[in-house]
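Asker: Here's a structure for you.
The values are calculated or read from the model by the stated rules, or taken from the named source; none is laboratory data. This one's a predicted model, so the numbers in the text were calculated from it and none came from an experiment. With ideal geometry, Cβ positions are generated from the backbone for all residues, glycine too; neighbour counts draw on all protein chains shown. For accessibility, only protein heavy atoms count, side chains too; no ligands or nucleic acids. Shrake-Rupley method; radii C 1.70, N 1.55, O 1.52, S 1.80 Å.
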Amino acid sequence: MALPSWEDPKLGSMKRVALWLATVAGEGRIFTYTQLRDVFPGVAQIDRRVRDLRGRGWRIDTAREDTQLGMHELRLVSVGEPVWEDRKGPGKETSGLTGTRRREVLAKDGHICRSCGISVGEDYAGSFERSQLDIARREVRLPDGSTAVELITECRRCRVGASQLETDAAQTIAEISHLGSMELRMLDSWVKEDKREFGKVELLWAAYRTMPADSRERFRVALKSSLG
Ligand SMILES: [Zn+2]
């Protein structure tokens, strides 16, 4: 079967990028993002398309996996799913989930929208619109550089706005190592509770900020004397 042309403007950008890689670049060959941007000048976030393809079984290596590659080079090791064929991708389609799986995700997420924190049936602030929780698929960048799709509870409103949202688990996990031991313990307690408890310092700060000027001055004097 002949493949569609990568130049067909009716195809989406991921399909066109996939076709260009498969038919022009070719398996085993090196390409760069600059090259892709030149070929697809109108497509924003070309690196996202490449990540999407990785999520669909395409093996595209960077210098991290392939030491032969320069810093800005990528290699199409092997073509994955024929994304140009019409089928439902992992995209936003979650209707294929079983009821059990949905309930599992909702329970694990504490029955709140993981983007804005609203719980089921609650009104959005400043409106009489009721929240509705749903399960979405979130693209996650993992510490090993690969991309995965994970399920997450989101309200309808966030799902609409969050369709481009991506979780950078790699970056977030890497940031942990920059915390001191006190910060680590604090974060650990928030994570365990799945809720942030305000510490004494923050409560005092909030109280201080709302005090009249004279009282703030009194507070400052007291604080200074405590510092010795
Ligand atoms: Zn939400």
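Asker: Checking GLU175 against (1) within 16 Å of the ligand (Cβ to nearest atom); (2) assigned to a helix (DSSP H, G or I), only one condition comes out false. Which one?
Answerer: (1)
Asker: Further question on the same structure: Counting just the residues of region 26-51 that are touching a Phe, Trp or Tyr at 6+ places or on another chain (Cβ under 9 Å) and closer than 17 Å to GLU81 by Cβ, which one comes out most open to solvent (accessible area, probe 1.4 Å)?
Answerer: So the residue we want is ARG49.
Asker: Just need a number here: residues in region 160-217 that are of a type outside the set (Gly, Ala, Ser) and under 30 Å from ALA148 (Cα atoms). Steps first, please.
Answerer: Narrowing region 160-217 to residues of a type outside the set (Gly, Ala, Ser): 160, 164-168, 171-173, 175-176, 178-179, 182-188, 190-198, 200-205, 208-212, 214, 216-217.
Then keep just the ones that are under 30 Å from ALA148 (Cα atoms); that gives 160, 164-168, 171-173, 175-176, 178-179, 183-188, 190-196.
Going through region 160-217 one residue at a time, the tally reaches 26.
Asker: Can you pull out the residues in region 61-75 that are assigned to a strand (DSSP E or B), of a type outside the set (D, E, K, R) and without any contact (Cβ under 8 Å) to a residue 24 or more places away in the chain?
Answerer: Selection gives nothing.
Asker: Turning to a different aspect of this structure: Inside region 158-199, can you point out the residues that are farther than 29 Å from LEU133 by Cβ and at pLDDT below 85?
Answerer: Correct list: GLY199 only.
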